[in-house]
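The values are calculated or read from the model by the stated rules, or taken from the named source; none is laboratory data. Everything quoted here is computed from the prediction, not taken from an experiment. Cβ coordinates were reconstructed from backbone atoms using ideal geometry, including for glycine residues, and neighbour counts include every protein chain displayed. To get the accessible areas, we keep the full protein, side chains included, count just its heavy atoms, and leave off ligands, DNA and RNA. Shrake-Rupley method; radii C 1.70, N 1.55, O 1.52, S 1.80 Å.
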Amino acid sequence: MLDKGFKPTVIALGYFDSVHLGHQKLIKLAREYADKHGCTLTIFTFLGNVKAKLNLTDEKSVYLPREREQFIRDLGADEIYFAPVSKTFLSTGKLAFLNGLNRKFNIKCYFSGQDYTFGRYGKGNAQYLTDYAKKHNQDHVIVDTFTYQGEKVSTTRVKSALASGDLTLAKQLLGRYYSINGKVVSDRQVGKKIGFPTANISCDSEKFMLKNGVYFGKVRLEGKNYSAIINYGSRPTYNLKNKLIEAHIIDFDGNLYGKYITLEFVSFMREILKFDSEKELKEQLQKDLLKIKGEKYD
């Protein structure tokens with residue numbers, strides 16, 4: 001039996017993989033409702049990749065849980081409920097799913113998108129949730145689909161933009177630059193040898209990555225914004241096929257090993273090239289550096 005002493009909560013339901021503009025709209029509206037009715041705001045999402053688990057595919061997530069958590073908290077969430085991506089949880093029926101939420105929270109109102117589904121095989125939908133809420137003297141707000149240039153803003157669309165290197169479109173859909181948060185690891189230190197030291201970040205196997213290439217980006221360190229040349233992909237000059245993120249952070253001199261940093265990708269500069277020598281590679285990096293000296297970001 002639910003302890004009615006729990007403070008009433010508004011719960012926003014979704015996967016929130018990319019926390020794109022449509023997700024942001026839903027969370028902001030839920031925050032406004034919570035403030036108006038003296039409730040806390042709880043965001044329901046998943047700890048892992050639901051689609052990969054259900055479809056047994058290698059589908060990746062645009063943002064990892066630790067990245068999503070920061071974006072969601074910045075939007076005003078009081079609490080985030082990370083549901084497990086397990087066979088047991090994902091096989092929960094639609095009624096049992098909602099009853100389970102009500103045992104955990106004193107729910108005043110649900111917020112969801114028009115196409116939200118839940119429960120085993122996704123059999124629960126917005127109409128079912130509305131009917132359930134009505135029976136339990138709760139509210140359910142369905143948020144209209146958010147569009148950009150006449151098309152629905154979706155994680156699938158975000159992934160398509162990233163895969164083609166269209167960072168302008170990705171930013172329009174996300175409301176921010178696409179970013180990667182990762183731990184700086186030690187590598188071969190070839191960049192330092194040729195005068196272009198890099199912060200190297202290993203690629204998380206669960207994360208959806210953008211098109212291989214060289215990018216203009218930025219990173220915030222110790223309260224300052226720095227421009228960066230970011231290489232994502234293989235390193236053909238050295239016949240290395242494993243993919244790595246290498247960021248030459250301009251005008252920064254410091255030890256970042258073992259620290260987590262966030263790289264933001266601003267624009268695609270060029271394809272990754274194979275050079276015949278380190279001298280040619282260095283000359284190209286010098287050209288890249290000159291090119292981004294005039295680049296601006298907001």
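Among the numbered conditions (1) modelled with pLDDT under 90; (2) open to solvent by 30 Å² or more (accessible area, probe 1.4 Å), the only one that Phe268 does not meet is (1).
From Thr45, Thr40, grab the single residue that is more than 22 Å from Ser179 (Cα to Cα) and either modelled with pLDDT of 90 or more or open to solvent by 70 Å² or more (accessible area, probe 1.4 Å) (or both). One residue alone meets the criteria, Thr40. I'd like to know if the range 82-105 contains one or more residues that are in contact (Cβ under 8 Å) with a residue 60 or more places away in the chain, open to solvent by 50 Å² or more (accessible area, probe 1.4 Å) and either in a strand (DSSP E or B) or under 25 Å from Lys183 (Cβ atoms) (or both). No: zero hits. In summary, Thr156 fulfils each of the numbered conditions (1) in contact (Cβ under 8 Å) with a residue 40 or more places away in the chain; (2) open to solvent by 40 Å² or more (accessible area, probe 1.4 Å); (3) under 14 Å from the mean Cα position of the chain (by Cα) with the single exception of condition (1).
Taking the criterion of being touching a residue at least 60 places away in the same chain (Cβ under 8 Å), within 26 Å of Glu69 (Cα to Cα) and open to solvent by less than 30 Å² (accessible area, probe 1.4 Å), would at least one residue in the range 229-243 satisfy it? For the range 229-243, residues touching a residue at least 60 places away in the same chain (Cβ under 8 Å), within 26 Å of Glu69 (Cα to Cα) and open to solvent by less than 30 Å² (accessible area, probe 1.4 Å): absent. Total residues in the range 9-37 satisfying the condition of being open to solvent by 20 Å² or more (accessible area, probe 1.4 Å) and not in a helix (DSSP H, G or I): the figure is 1.
Considering the conditions (1) farther than 27 Å from Leu263 by Cα; (2) part of a helix (DSSP H, G or I); (3) of a type in the set (S, T, N, Q), Gln70 is excluded by exactly one of them, (1). Could you grab me the full set of residues in the range 249-262 that are out of contact with any Phe, Trp or Tyr (no Cβ under 9 Å at 6 or more places or on another chain), outside any loop (DSSP other than H, G, I, E, B) and either within 23 Å of Gly195 (Cβ to Cβ) or aliphatic (A, V, I, L, M) (or both)? Passing the criteria: only Ile261. The set of residues from the range 125-153 being assigned to a loop (DSSP other than H, G, I, E, B) and free of Cβ contacts under 8 Å to residues at least 24 places away in the same chain comprises Asn125, Asn137, Gln149, Gly150. Taking (1) more than 25 Å from Tyr63 (Cα to Cα); (2) of a type in the set (D, E, K, R); (3) surrounded by fewer than 16 Cβ atoms within 10 Å (Cβ to Cβ) in turn, Asp144 satisfies each apart from (1). Of all the criteria given as (1) over 18 Å from the mean Cα position of the chain (by Cα); (2) open to solvent by less than 40 Å² (accessible area, probe 1.4 Å); (3) within 27 Å of Asp204 (Cβ to Cβ), the one not satisfied by Asn55 is (2).
Answer yes if at least one residue in the range 170-185 is open to solvent by less than 20 Å² (accessible area, probe 1.4 Å) and part of a loop (DSSP other than H, G, I, E, B), and no otherwise. Checked the range 170-185: no residue is open to solvent by less than 20 Å² (accessible area, probe 1.4 Å) and part of a loop (DSSP other than H, G, I, E, B).
For Gly76, the conditions (1) surrounded by fewer than 18 Cβ atoms within 10 Å (Cβ to Cβ); (2) farther than 16 Å from Ala12 by Cβ; (3) in contact (Cβ under 8 Å) with a residue 24 or more places away in the chain all hold with the exception of (2).
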